[in-house]
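J.: Below are the structure tokens for one structure; questions will follow.
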Amino acid sequence: MNFKSKVLIGMLVCGLWAVQSSYAQQEWVRLMQDPNANFYDIQRSFNEYWEGKKIERGSGWKQFKRWEYFMEPRVYPSGRIPAPDQAARAYAEYAASHRRLTSISDFSNWTPLGPTSWVTTSYNPGIGRINCSAVHPNNSDIIYVGAPSGGLWVSYDGGSTWNTTTDDLPVLGVTSIAIDPFDPDIVYLGTGDGDAGDTYSIGALKSTDGGLTWNPTGLNWTIYQARRISKILIHPAQTNVLLAATNSGVYKSTDAGASWSLSLAGDFKDMEFKPFDPAVVYVCGTTFHRSTDTGGSFTQIGAGVPSSAAVNRLAIAVTPANPDYVYLVGGSSANSDFYGLYRSTNGGVSFSLRSNSPNILGYAPNGSSVGGQSWYDLAVAASPVNAEEIYVGGINIWKSGDGGVSWDLNAYWFYPEQAYPYVHADIHALDFHGNVLYAGSDGGIFQTGDGGEVWTDISAGLANTQFYRFGGYPYNENLLIGGTQDNGTNLMNGPVWTHVLGADGMEALIDYSNPNILYACIQNGGLSKSLNGGLSFNSVTNNITGNGAWVTPYVMDPQNPQILYAGFGEVWKTFNGGASWVQISALGGGTLQSLTVAPSDPQYIYAASQNNIFRTRNGGQTWANITAGVTLGGAITYIAVSHEDPEKLWVTLSGYSPGNKIFASTNAGNSWANYSGSLPNLPANCVVQRKNSADALYVGTDIGIYYRNRNMPDWEPFNAGLPNVIVQELEIHYASGKLRAATYGRGIWESPLAPVAAAISHTPLGDTENISGPYEVQAEITPGSAALLADSLLVYYSTDLFFGNSAPLLPQGANQYLAAIPGQGSNVHIHYYISVSDENGLRVSAPPAAPAEYYRFYAGPDTVPPALAHAPIPYADIAALPLAISASASDNIGIDSVWVEYAVNQVPQPPFGLSGSGGNYQGFFGFDSNAVSLGDLVSYRVIAQDVSANMNQAVSGPHEFDIRRVLALSRAPNIPIPNNNPAGVSDVLTVSGHAGLQIIDVEVVFKAAHPNFGDLVVKLTSPAGTEITLLDRPGHPALPLGSPGVNPDIVLDDEAAESIENVTFAAGEQVAGVFRPDPGLLSAFRGQNHTGDWQINVADAKAGHLGTFSEWGLRISLSSVTGIDDLPGAGAPAVFALYQNYPNPFNPSTAIGYQLPAFSEVELTVYNLLGQKVRTLVSQKQPAGYYSVRWDGRNERGAPVSSGIYIYKLEAGDYRQSRRMLLLK
């Protein structure tokens, strides 16, 4: 027999009890059991409790951190813990409403890769957590076990092999199993994870066929809204009577689960019938209650029972060897260690303390540990044949042969075995089924039939491992490595899984240049490296400072495997495989949860905390926060970057914010588009892009995987064969054509990739004046994984949206196709879409959602003018001539030309054309500093003409600007702003030169780093001594105008549309833009001398915030006139003028501009060189203004005239002016 430590209890009992009672309560444990508690309150309480304490193995710290990792992204930002059936309801709603758009889901075919067993080269291996067990009452070879996120498993051969039938349930957590003793085909499940909350619950389920199928009972969360079931009991004689212990009370059913009633309110963890007398029921949470009417009512028992304040959890054991015995084990509320073992000898009417030491709930084999984790794992069992023989499970298993007075260590979490049998920590269940004791632990299911002399692991065949992350090897599909909860890092090499590193395993990688080089990580960034295929590991965290996230992200450079990047509080980089690291960021945005490097350009790195996304385009030299535009309904969970374009990326979001699951950017995060479509309202945990595809994406969620590419209008499920399990990470193994998924409770799975569908590229037809047709539809169609079906390449068209007509797409060359839509008449809108199918049965349309979406064009006469946009020029700096001008123009038919007509001081100048493409047009005014002077006024307008027969025009203007001299000066003082000091700080800009000129306008640039913009007061003083207050927002943020914003980077300009006083800013939003100063105006400086010292003063008017005045500048406009009011006006023209036509030469039409200073009788006539009248363009009275007339090169009869020189003449009042133009065909 192995040596066992035995400790007899004497006078230490009372003393140790007193010491335990003095410990501070673990309030966070209580809050975790409260369904109404806020996550952030629980987290705060936990951090306060652990502040300054040493973290030891078996203390419960790690178990909380697991829960925190799982829950925090799902509750961000509110902290409200979701209803237990939230995921199930969201999935059910999606399944009910989703309309299948493609057959893509037919190509998913998921199969498991394991692990289902282990060998080990490291310490403390296991398969996965087991919460409970049950055995068929008539056949001990039929064993049921329940996993917290892996479902129900059944063995029909005594644990040699295992099968599951719950993969299609909406949730895969199981905490309790109850089998009808008379009809063993009736089985009840308590769903969810009752110990750690790893998975959700949908209440109690019932099977009538031995667990093959399941149906809900009346105990479901849409009725009772509890969060966890801990125990279900079936009356041993009246099997229609059921009891359920939950964290909202004890519920009773008398109709086999069809309906339930609340018998006792409260939070309860364990429950037992009295052997041979089921009218007596015992239930406990932190209190003990007894019923004498089969659970209809309960009485709290206080005699000898520890107070509810002293314990955080109790567990019960009874034995048929002495039905009056009731054992009660308690965990301390102070630090979750062993509070005491109590026994009743009168059927639970009163109890007495048997022992309270050693600490049998800690890790140390001699019971000397301080602390434990009874809130997470606590179990007790009594032998059915020896009432004095009891077992208690915490981290390890302890045994007593004298009714709990003294204890022997029975099984120890230490592998390879030494003095004690190995059973994986942490013990969630101890159950005698017959004379065999079963232990459910974080490593699997164990059994002993000899009182613990030998414990046997019968977990082989279970596939319930909870993976966090994994990584494959591109050249061998049978090689991958992954990190798991409870059971370390595991390496798959062919059919064999090897446990290569203990603790909780996190992200894991294989060097793509050498499969013997492996990287693994334990919680919070403990990076390790193996050079021998996993036989041994050494730490490579080295000089990295700070802690990482629970699952710390790290990635390998796509071009150099010696370079890795790791995300802690900042991004770290190694050039030598982890031997040393350098910090390459200063983000300050929280602990990083996600990190990725662009496969096509490793200079692009993206990193994210829960609520901030950062980007560098230069390998970490500079970073930008690119979060703006992403709706943070949940925490950021994953980033994927396109294999082809480093600026194209996708981010996934956790939480339950409808329609906010995945966002996409095509410009490195400068802007974002919501790409969520109709994804179910479930946390989205990961995303992967398939390279060389039409942006084929797979998203992993809390229930299932979804697929979409850019030719699809929405997401489609990709789940055939996959359990309804949480998917943590996805990777593509290209050599084998497989998509692989790391699941949280069902191991690693793989499926063939979705076939690549055909891709359609098409430029939609524009409006046309061609009413007879045909209309050529050109498309580039690139085949996908299968050949195209020639007779499926069609263009469907109609004028009524019924799309009853089609035209074939005929090949024109490599992937080029052409279809012809016949004419449909005049003044009609023609609708069409393109449809293609391949031999896989995949149909693709353009637009993707056709026929609900379609292309449309108009056929008929065009009367619509072009769309013209132009930002007026405010002024011209004489030192920066020639002056550029730009405009954008578009038209449903097409743009013929864009040009500018202008005058200087009312004197017309030759018009000039703007050139461009893609709708953007640019050009330059035809004057330089020798042709204009300070104070000159330029008036102009921009004209766009389309190609239609009507020659429709659009005009922007008239606009005007003056010629001035602009001085731009800046300084970067970078000085602290004193807190709550009206005197503030000052800085000076000295301006010189350009004597004799005076100020006509001033603009101010102001930048500061400050957390409360509303605190700042900014004043400016000119060299002449004029002081104005540019900025003073008193009362912000107390006034209804809202939060004051942060870190101003603004321009103050009298001409701005909005006053800085009236603009609101969201909490934490940067204050940026152009605003009008308030209360002072910069016009106070007009007419002053600009030379000398300009002084700015920045003051912080309130207490509580510190900041830095970083930069400021002036843009001073000068002129020889005394002010802007002295410049010529731009109202009615001052003189008559006839402009040169444009274009000139022309074909077939040209525009002729003129201006009138007063109401006039106007004649505008075209003559040939013989003096013969060709065409009268205008003959009418017109008011003062600017005009433009189009001549289409035709005479009075409408016939085209020949090429040559023509004279156009303007007569208005006494004004006469003629100009020449050239028609050149």
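The values are calculated or read from the model by the stated rules, or taken from the named source; none is laboratory data. Values in this document were obtained by computation on a predicted structure and should not be read as measured data. Note that we place each Cβ from the backbone using ideal geometry, even for glycine, and neighbour counts take in every protein chain shown.
J.: Does S248 satisfy the criteria of being within 16 Å of F298 (Cα to Cα), of a type in the set (S, T, N, Q) and out of contact with any strand residue (DSSP E or B) (no Cβ under 6 Å at 6 or more places or on another chain)?
T.: So S248 passes the test.
J.: Checking the structure you have, find out if any residue of the range 439-450 is modelled with pLDDT of 95 or more, not assigned by TED's automatic domain parsing to the domain that holds Y638 and not in a strand (DSSP E or B).
T.: Yes, some residue in the range 439-450 is modelled with pLDDT of 95 or more, not assigned by TED's automatic domain parsing to the domain that holds Y638 and not in a strand (DSSP E or B).
J.: Identify all residues within the range 451-478 that are on the phi < 0 side of the Ramachandran plot, part of a loop (DSSP other than H, G, I, E, B) and of a type outside the set (V, I, T); write none if there are none.
T.: E453, W455, S459, A463, N464, P474, Y475
J.: Quick check on V75: is it in contact with a helix residue (DSSP H, G or I) (Cβ under 7 Å, 6 or more places away or on another chain), at pLDDT 85 or above, aliphatic (A, V, I, L, M) and more than 30 Å from N493 (Cα to Cα)?
T.: Considered against the rule, which asks whether it is in contact with a helix residue (DSSP H, G or I) (Cβ under 7 Å, 6 or more places away or on another chain), at pLDDT 85 or above, aliphatic (A, V, I, L, M) and more than 30 Å from N493 (Cα to Cα), V75 comes out as yes.
J.: Further question: Just one of (1) surrounded by 22 or more Cβ atoms within 10 Å (Cβ to Cβ); (2) assigned to a strand (DSSP E or B) trips up Q778, so point out which.
T.: Going through the list (1) surrounded by 22 or more Cβ atoms within 10 Å (Cβ to Cβ); (2) assigned to a strand (DSSP E or B), Q778 breaks only (1).
J.: Right, here's the next one. Out of the residues in the range 701-718 that are polar (S, T, N, Q) and modelled with pLDDT under 95, which is nearest to I732 (Cα to Cα)?
T.: By that ranking, first place goes to N709.
J.: Condition (residue is at pLDDT 95 or above, buried (at least 24 other Cβ atoms within 10 Å of the Cβ), over 45 Å from the mean Cα position of the chain (by Cα) and under 21 Å from G393 (Cα atoms)) applied to the range 291-298: is it met by at least one residue?
T.: No, the conditions are met nowhere in the range 291-298.
J.: Starting from residues that are at pLDDT below 80 and part of a helix (DSSP H, G or I), keep the ones in the range 97-114 and report whichever is nearest to T161 (Cα to Cα).
T.: Step one: of the range 97-114, the residues at pLDDT below 80 are 97-105.
Among the residues that remain, those that are also part of a helix (DSSP H, G or I) are: 97, 104-105.
On the way: S97: 39, I104: 34, S105: 31 Å.
Checking each candidate, the answer is S105.
J.: Run down T199, T175, T166 and say which single residue is part of a strand (DSSP E or B) and surrounded by 24 or more Cβ atoms within 10 Å (Cβ to Cβ).
T.: Values: T199 fails: part of a strand (DSSP E or B); T166 fails: part of a strand (DSSP E or B).
Answer to the check: T175.
Residue-by-condition table, conditions (1) surrounded by fewer than 18 Cβ atoms within 10 Å (Cβ to Cβ); (2) at pLDDT below 95:
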{"site": "G589", "(1), (2)": "no, yes"}
{"site": "L595", "(1), (2)": "no, no"}
{"site": "A608", "(1), (2)": "no, no"}
{"site": "I613", "(1), (2)": "no, no"}
{"site": "T616", "(1), (2)": "no, no"}
{"site": "Q621", "(1), (2)": "yes, yes"}
{"site": "G634", "(1), (2)": "no, yes"}
{"site": "N674", "(1), (2)": "yes, no"}
{"site": "V687", "(1), (2)": "no, no"}
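J.: So which of G371, G348, G367 is touching an Asp or Glu at 6+ places or on another chain (Cβ under 6 Å), in contact (Cβ under 8 Å) with a residue 60 or more places away in the chain and on the phi > 0 side of the Ramachandran plot? Lay out the reasoning, then the answer.
T.: Working: G348 fails: touching an Asp or Glu at 6+ places or on another chain (Cβ under 6 Å); G367 fails: touching an Asp or Glu at 6+ places or on another chain (Cβ under 6 Å).
Residue meeting the stated conditions: G371.
J.: Kindly evaluate S837 against the criterion of being surrounded by 18 or more Cβ atoms within 10 Å (Cβ to Cβ), of a type in the set (S, T, Y), under 41 Å from the mean Cα position of the chain (by Cα) and assigned to a strand (DSSP E or B).
T.: yes
J.: Mind listing just one residue for me: the one in the range 27-59 that is in a loop (DSSP other than H, G, I, E, B) and touching a helix residue (DSSP H, G or I) at 6+ places or on another chain (Cβ under 8 Å) and, of those, modelled with the lowest pLDDT?
T.: So, considering only residues that are in a loop (DSSP other than H, G, I, E, B) and touching a helix residue (DSSP H, G or I) at 6+ places or on another chain (Cβ under 8 Å), the one modelled with the lowest pLDDT is I55.
J.: Now a separate question. May I ask you to say which residue of G546, G577 is free of Cβ contacts under 8 Å to residues at least 40 places away in the same chain and surrounded by fewer than 22 Cβ atoms within 10 Å (Cβ to Cβ)?
T.: G546
J.: How many residues are farther than 22 Å from Q466 by Cβ and in contact (Cβ under 8 Å) with a residue 40 or more places away in the chain when one looks only at the range 96-133?
T.: So in the range 96-133, the residues farther than 22 Å from Q466 by Cβ come out as 96-109.
Pick out the ones that are also in contact (Cβ under 8 Å) with a residue 40 or more places away in the chain and you get 97-98, 100-109.
Result for the range 96-133: 12.
J.: I want to confirm something. Restricting to the range 387-427 and keeping residues that are polar (S, T, N, Q) and touching a Ser or Thr at 6+ places or on another chain (Cβ under 8 Å), which single residue is farthest from N131 (Cα to Cα)?
T.: S406
J.: Consider G257 against the criteria (1) touching a Ser or Thr at 6+ places or on another chain (Cβ under 9 Å); (2) modelled with pLDDT under 95; (3) in a loop (DSSP other than H, G, I, E, B); (4) not β-branched (V, I, T): it satisfies all of them except one. Which criterion is unmet?
T.: Of everything listed in (1) touching a Ser or Thr at 6+ places or on another chain (Cβ under 9 Å); (2) modelled with pLDDT under 95; (3) in a loop (DSSP other than H, G, I, E, B); (4) not β-branched (V, I, T), G257 misses just condition (2).
J.: Also, I was wondering about something else. Would you check if Y475 is in contact (Cβ under 8 Å) with a residue 24 or more places away in the chain, of a type in the set (F, W, Y) and touching a strand residue (DSSP E or B) at 6+ places or on another chain (Cβ under 7 Å)?
T.: no
J.: From (1) more than 20 Å from V496 (Cβ to Cβ); (2) assigned to a strand (DSSP E or B), pick out the condition that doesn't hold for I481.
T.: So the condition that I481 fails would be (1).
J.: Turning to a different aspect of this structure: Search the range 776-793 for residues that are without any contact (Cβ under 8 Å) to a residue 40 or more places away in the chain and pair each with any residue that is in a loop (DSSP other than H, G, I, E, B) when their beta-carbon atoms are under 7 Å apart and the residues are at least 6 apart or on different chains.
T.: Correct list of pairs: E780/N815; T782/A758; T782/N815.
J.: Restricting to the range 931-957, give me the number of residues that are out of contact with any Ser or Thr (no Cβ under 9 Å at 6 or more places or on another chain), buried (at least 18 other Cβ atoms within 10 Å of the Cβ) and either in a strand (DSSP E or B) or among the basic types (K, R) (or both).
T.: 6
J.: Hey, could you check the range 1139-1181 for residues that are of a type in the set (G, A, S) and assigned to a strand (DSSP E or B) and say which is farthest from E1196 (Cα to Cα)?
T.: S1160
Quick grid of which residues meet (1) in a strand (DSSP E or B); (2) aliphatic (A, V, I, L, M); (3) assigned by TED's automatic domain parsing to the domain that holds N711; (4) out of contact with any Pro (no Cβ under 8 Å at 6 or more places or on another chain):
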| residue | (1), (2), (3), (4) |
| --- | --- |
| E729 | yes, no, yes, yes |
| I732 | yes, yes, yes, yes |
| R740 | yes, no, yes, yes |
| P764 | no, no, no, yes |
| Y817 | yes, no, no, no |
| A820 | yes, yes, no, no |
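J.: Hey, could you check the range 115-160 for residues that are of a type in the set (V, I, T) and part of a loop (DSSP other than H, G, I, E, B) and say which is farthest from I395 (Cα to Cα)? Can you show your working first?
T.: Filtering the range 115-160 for residues of a type in the set (V, I, T) gives 116, 119-121, 127, 130, 135, 142-143, 145, 154.
Those still in the list that are part of a loop (DSSP other than H, G, I, E, B) too: 116, 121, 127, 130, 142.
Working: T116: 23, T121: 22, I127: 17, I130: 14, I142: 27 Å.
Restricting to residues being of a type in the set (V, I, T) and part of a loop (DSSP other than H, G, I, E, B), the top hit is I142.
J.: Taking the stated definitions as given, is N386 at pLDDT 95 or above and buried (at least 24 other Cβ atoms within 10 Å of the Cβ)?
T.: no
J.: Sticking with this structure for a sec: Touching a strand residue (DSSP E or B) at 6+ places or on another chain (Cβ under 8 Å), under 26 Å from S1120 (Cα atoms) and at pLDDT below 95, is that true of F961?
T.: yes
J.: Spot the failing condition for P973; the list is (1) part of a loop (DSSP other than H, G, I, E, B); (2) modelled with pLDDT under 90, and only one is missed.
T.: So the condition that P973 fails would be (2).
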